[in-house]
């Protein structure tokens, strides 16, 4: 039974990755560089520690956040070199931060399996998993320090703070009012995606209107993502809540926010990204 379930997960994942491949096609080279940077930055030369970290990345995720970083940068300036060290480091840092949050979430939730693989906490125990998550956070901020402007570093640091606040608020709430639910998912999920789209604009010294538009896109994208994910899990207990209405709302607002950008293949892919999330089967 477990094997059949895992097979279904893998088939679903393969289907989603094929769709993502089309969205990622203009930034495929840069995403390979991000993968290489993740491997490089997480090496400690301590065999036991490296084996633990490598275990987590054995099954790669969908890399939504680094893709948002890269597509946002190229959508703002299609002529820029996305192979710049600063941009690759920025995309890598967001994936490491997301990975750290997943490790800690699995511990808090007591999750035993993720994407068909035994979770780190289940495989190595909670104590090691906590420390491994902490290491991933430290790797993220290490590569950003001295690489990006302090304003960008502060934006990301504030984002991590909001993520933690969102998780704490969720743990303290059993039944949600709608306003409370939206506040929680904005902090725990959407804030990181908003920063994934805003910080490339900051890196490129974009004007205020463009920066606000990209931040709004990321925020709406993140809200949409979490709402769809919660619908899949069927674990929402919110009074007076109509998920379909909010899926439509955030999808529409995300696309509208891109009106600050000139037309390009990268802008088209950001729009396709929204449609992908709306039609997602397994986040």
Looking for whichever is in a helix (DSSP H, G or I), exposed (fewer than 15 other Cβ atoms within 10 Å of the Cβ) and on the phi < 0 side of the Ramachandran plot here; the options are 257, 252. Which one fits?
252
Since residue 119 meets every condition but one in (1) within 25 Å of residue 36 (Cα to Cα); (2) over 19 Å from the mean Cα position of the chain (by Cα); (3) in contact (Cβ under 8 Å) with a residue 12 or more places away in the chain, which condition does it not meet?
(2)
Among (1) buried (at least 21 other Cβ atoms within 10 Å of the Cβ); (2) at pLDDT below 95; (3) over 30 Å from residue 263 (Cβ atoms), residue 115 falls short only on (1)
Residue within the stretch 37-50 that is surrounded by 14 or more Cβ atoms within 10 Å (Cβ to Cβ), under 29 Å from residue 209 (Cα atoms) and in contact (Cβ under 8 Å) with a residue 60 or more places away in the chain present:
no
Does residue 213 satisfy the criteria of being under 17 Å from residue 95 (Cβ atoms) and either in a helix (DSSP H, G or I) or over 15 Å from the mean Cα position of the chain (by Cα) (or both)?
no
Counting just the residues of the stretch 51-68 that are in contact with a helix residue (DSSP H, G or I) (Cβ under 6 Å, 6 or more places away or on another chain) and closer than 22 Å to residue 125 by Cα, which one comes out surrounded by the fewest Cβ atoms within 10 Å (Cβ to Cβ)?
52
Any idea which of (1) at positive phi; (2) without any contact (Cβ under 8 Å) to a residue 12 or more places away in the chain is the one residue 150 doesn't satisfy?
(1)
So for the stretch 220-237 (the condition being touching a helix residue (DSSP H, G or I) at 6+ places or on another chain (Cβ under 6 Å), at pLDDT below 95, within 23 Å of residue 101 (Cβ to Cβ) and not in a helix (DSSP H, G or I)), does at least one residue qualify?
yes
Contact list please: Cβ distance under 7 Å, first residue in the stretch 244-268 and more than 18 Å from residue 280 (Cβ to Cβ), second residue in a loop (DSSP other than H, G, I, E, B), pairs at least six apart or on different chains.
264/78; 266/78; 267/261
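Between 103, 108, which is more than 30 Å from residue 86 (Cβ to Cβ) and modelled with pLDDT of 90 or more?
Numbers: 103 fails: more than 30 Å from residue 86 (Cβ to Cβ).
Sole residue among the options that is more than 30 Å from residue 86 (Cβ to Cβ) and modelled with pLDDT of 90 or more: 108.
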So the check is Cβ under 6 Å with 6+ separation or different chains; which pairs have a first residue in the stretch 210-221 that's within 10 Å of residue 250 (Cβ to Cβ) and a second one that's surrounded by 20 or more Cβ atoms within 10 Å (Cβ to Cβ)?
219/190; 219/194; 220/250; 220/254; 221/193; 221/254
Among the residues of the stretch 157-181 satisfying the criterion of being more than 13 Å from the chain's Cα centre (by Cα) and touching a residue at least 60 places away in the same chain (Cβ under 8 Å), which is surrounded by the fewest Cβ atoms within 10 Å (Cβ to Cβ)?
174
Going by what's in this entry, would residue 94 be described as under 29 Å from residue 172 (Cα atoms), crowded, with 16+ Cβ neighbours inside 10 Å and at pLDDT below 95?
no
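The values are calculated or read from the model by the stated rules, or taken from the named source; none is laboratory data. It should be emphasised that the depicted structure is a prediction, and the values quoted were computed from it without experimental measurement. Positions of Cβ are backbone-derived with ideal geometry, glycine not excepted, and every protein chain shown enters the neighbour counts.
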